[in-house]
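**Student:** This structure is in structure tokens; I'll ask about it shortly.
Every read-out reported here was derived from the displayed coordinates using simple, explicitly stated rules and does not represent laboratory data. Source: prediction; values computed, not measured. Cβ sites come from the backbone with ideal geometry, for glycine too, and all protein chains shown count toward neighbours.
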Amino acid sequence: MTITETRGVDALLTRARAGLRRLDPHQCLAAVAAGALLVDTRTESQRRVQGELPGALVIDRTVLEWRLDPASPDRIPEATGYDRHVIVVCRQGYSSSLAAAGLQAVGLRRATDLAGGVEAWLAAGLPMTDGPADVRL
């Protein structure tokens with residue numbers, strides 16, 4: 001591998017996704033039904049346009065690792081252990097891959113993301129809601 005192949009955001013994304021078992025929308029829905037934690041990192045304006053994901057917790061990307069690390073004093077109650085299955089969702093499935101890899105680096109080995117993001121969810125005809133969102137600060 002050359003230096004140019006190991007640098008840049010595309011290389012970072014490729015490395016992040018290499019450690020993920022990414023889910024399609026129907027796999028995501030089934031995993032949530034089985035107890036996986038669905039985490040939406042989209043901005044408020046993106047959620048306003050696209051709608052809210054049913055059952056998702058909204059956590060800003062800037063604090064994601066602190067809210068989901070079971071050892072963090074700033075964790076949310078749902079951060080019950082490092083074996084918790086967490087599915088991160090963004091608008092198109094790019095930043096969610098990086099976020100899921102970050103969660104894995106913290107120790108959440110079952111963290112993954114929704115391939116294609118909310119756009120794939122909508123294309124699959126899966127439901128959205130008008131809110132209110134379960135926003136965790």
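**Student:** What distance in nm lies between label points placed 7 Å from Cα along the C-beta direction at Gln46 and Gln27?
**Tutor:** 2.0 nm
**Student:** Ok, one more. Pull up the DSSP beta bridges for the chain and report the antiparallel fraction as a percent, rounded to 5.
**Tutor:** 10 percent
**Student:** OK, next. Please report the relative contact order for segment 1-98, taking Cα pairs under 8 Å with a sequence separation of at least 6, and give it as a percent rounded to a whole number.
**Tutor:** 32 percent
**Student:** Please compute the modelled spin-label separation between Trp66 and Asp130, points set 7 Å along Cα→Cβ, answer in nm with one decimal.
**Tutor:** Label at Asp130, label at Trp66, 3.4 nm between them.
**Student:** How far apart, in nm, are the 7 Å Cα→Cβ label points at Gln92 and Leu12?
**Tutor:** 1.6 nm
**Student:** May I ask you to list the trypsin sites (Lys or Arg not before Pro) in segment 3-77 that are in a DSSP loop and have at most 16 other Cβ atoms within 10 Å of their Cβ?
**Tutor:** Passing both the DSSP loop test and the Cβ count: Arg7, Arg21, Arg75.
**Student:** Follow-up question, since we're still on this one. Rounded, prolate or oblate: pick one for the chain, where a ≥ b ≥ c are the square roots of the eigenvalues of its C-alpha gyration tensor, a/c under 1.5 means rounded, and failing that, prolate if a/b is larger than b/c, else oblate.
**Tutor:** On the way: a/c = 1.61, a/b = 1.20, b/c = 1.34.
Here the chain falls in the oblate category.
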